[in-house]
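> Have a look at this one before I ask anything.
The values are calculated or read from the model by the stated rules, or taken from the named source; none is laboratory data. Model, not experiment: these values are computed from the prediction. Backbone-built Cβ (ideal geometry, glycine too); neighbour counts: all protein chains shown.
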Amino acid sequence: MINFMNTIHGCAKTYQYFLALCLTVIFVASCSQPVRRDGEKKVEALPNNMDGMPDIKKRLWIFEPKAPAVIPEGIQFQKIKNKLHGLLLNEFPKEPSPYLVQGLEDIEVFKSSGLESMADAKGISKALKGSDITGFVFSQITQIEVKVDAKTKEGLLRKKVHTLQMTFHVELHDVGGARKVAERDFIENYSETRSEVLGLTDSESIPDPDSRMIELFPALVTKVRNWAQAFAPKLAWYGRVLRVDGGRIFLSAGKTSGLLVGDVLKVLESPKDVIDPQTGIFMGLAPGRMKGTVKIVQYFGADGAIAILQSGGNISPDDRVELY
């Protein structure tokens with residue numbers, strides 16, 4: 001009987017050891033699992049239901065706003081265009097943001113190519129195919145309307161309401177698909193009431209209308225940025241191979257773009273133009289042949305990364321990299 005009880009006690013202890021061993025193995029295995037990229041860091045929720053937006057930032061080319069068909073007297077469009085363009089360039093990459101904007105080196109390259117004078121969206125997509133630009137923004141002040149309405153008249157004084165209304169048209173285009181992703185008109189209004197002496201200070205225009213328009217810009221560009229964020233997932237992300245030095249592959253995107261050390265990217269040849277053989281019309285860009293995969297091992301510069309080859313080969317400068 002005693003031997004029997006000892007046997008049972010021994011089995012119970014063996015079971016406890018076995019259970020503890022199993023729990024230890026499960027714990028170690030769970031700790032050793034690689035951390036998925038999605039769990040590496042959290043992105044603050046963005047406007048327009050942007051929860052779940054990928055961490056990788058898309059690089060945009062933001063063209064200078066175009067002029068309306070009619071510019072009211074007293075408005076210097078060059079002045080307000082430069083101010084509005086500068087605010088757009090500063091606003092789009094503000095954190096948290098899914099976008100970066102073109103750098104100074106890009107501006108010089110594309111100015112020399114005559115890109116700014118091109119009006120055709122597909123032609124611009126074709127010209128941008130070898131760059132890091134994944135989308136571009138067209139904008140135009142389509143209308144500026146200045147009005148003056150007499151409100152009240154009291155003796156020699158008359159109150160007037162001066163109003164200025166601006167309509168701003170914005171388009172977001174995808175380079176890879178050579179297509180328009182979204183467009184919208186934004187309408188901004190300014191008004192002021194002024195008292196004037198009849199016959200002496202009778203004015204039919206807003207004093208200094210340029211400054212009044214510029215006052216509308218900060219709120220406007222914030223609205224444009226928030227609107228454009230919702231369409232970031234519709235733009236593809238890619239970067240370029242800058243240089244191959246022995247076993248090191250230098251890439252044009254790094255920490256600022258949202259790439260992480262350990263990320264694996266696929267390397268493809270530069271995209272190819274697709275032309276309709278019957279009409280000769282440019283239809284879009286076809287992905288190049290896949291050459292292999294690379295793994296990021298460290299960063300360099302303001303927004304660059306160094307990778308090593310994981311599979312394939314024959315990697316060369318200007319090849320495209322995409323998320324694997």
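> Exactly one condition in (1) modelled with pLDDT under 90; (2) under 21 Å from Arg59 (Cα atoms); (3) in contact with a strand residue (DSSP E or B) (Cβ under 8 Å, 6 or more places away or on another chain) is false for Val274; which is it?
Val274 satisfies every listed condition except (2).
> What are the residues in the range 165-188 that are more than 17 Å from the chain's Cα centre (by Cα) and either in a loop (DSSP other than H, G, I, E, B) or farther than 19 Å from Asn226 by Cβ (or both), if any? Step through it out loud before you land on a result.
As a first pass, look at the range 165-188 and keep what is more than 17 Å from the chain's Cα centre (by Cα): 165-169, 185-188.
Gln165 - this is the single residue of the range 165-188 that is more than 17 Å from the chain's Cα centre (by Cα) and either in a loop (DSSP other than H, G, I, E, B) or farther than 19 Å from Asn226 by Cβ (or both).
> So for the range 291-302 (the condition being in contact (Cβ under 8 Å) with a residue 60 or more places away in the chain, of a type outside the set (Asp, Glu) and part of a loop (DSSP other than H, G, I, E, B)), does at least one residue qualify? So that I can check it myself, show each step before the final result.
Taking the range 291-302 first, the residues in contact (Cβ under 8 Å) with a residue 60 or more places away in the chain are none.
Checking the range 291-302: not a single residue is in contact (Cβ under 8 Å) with a residue 60 or more places away in the chain, of a type outside the set (Asp, Glu) and part of a loop (DSSP other than H, G, I, E, B).
> Determine whether Arg212 is assigned by TED's automatic domain parsing to the domain that holds Pro98, of a type in the set (D, E, K, R), modelled with pLDDT of 90 or more and within 21 Å of Gly86 (Cα to Cα). I'd like the intermediate steps shown before the answer.
Values: assigned by TED's automatic domain parsing to the domain that holds Pro98: yes; of a type in the set (D, E, K, R): yes; modelled with pLDDT of 90 or more: no; within 21 Å of Gly86 (Cα to Cα): yes.
Judged against the criteria, Arg212 is not a match.
> Can we say Asp318 is of a type in the set (Asp, Glu), in a strand (DSSP E or B) and either farther than 26 Å from Ser139 by Cβ or out of contact with any helix residue (DSSP H, G or I) (no Cβ under 7 Å at 6 or more places or on another chain) (or both)?
Values: of a type in the set (Asp, Glu): yes; in a strand (DSSP E or B): no; either farther than 26 Å from Ser139 by Cβ or out of contact with any helix residue (DSSP H, G or I) (no Cβ under 7 Å at 6 or more places or on another chain) (or both): yes.
Criteria not met by Asp318.
> So which of Lys223, Lys180 ends up being within 30 Å of Arg59 (Cβ to Cβ) and at pLDDT 95 or above?
On the way: Lys180 fails: at pLDDT 95 or above.
On inspection, the qualifying residue turns out to be Lys223.
> Among (1) without any contact (Cβ under 8 Å) to a residue 60 or more places away in the chain; (2) buried (at least 20 other Cβ atoms within 10 Å of the Cβ); (3) closer than 30 Å to Lys81 by Cβ, there is one condition Val267 misses while meeting the rest; what is its number?
Single failed check for Val267: (3).
> With Val28, Val43 as the choices, which residue is more than 25 Å from Gln229 (Cα to Cα) and either assigned to a helix (DSSP H, G or I) or at pLDDT below 70 (or both)?
Details: Val43 fails: more than 25 Å from Gln229 (Cα to Cα).
Step by step, each of Val28, Val43 is checked, and only Val28 is more than 25 Å from Gln229 (Cα to Cα) and either assigned to a helix (DSSP H, G or I) or at pLDDT below 70 (or both).
Matching residues to (1) farther than 28 Å from Ser97 by Cβ; (2) not charged (D, E, K, R):
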| position | (1), (2) |
| --- | --- |
| Val261 | no, yes |
| Pro277 | yes, yes |
| Leu285 | no, yes |
| Asp303 | no, no |
| Ala307 | no, yes |
| Ser311 | yes, yes |
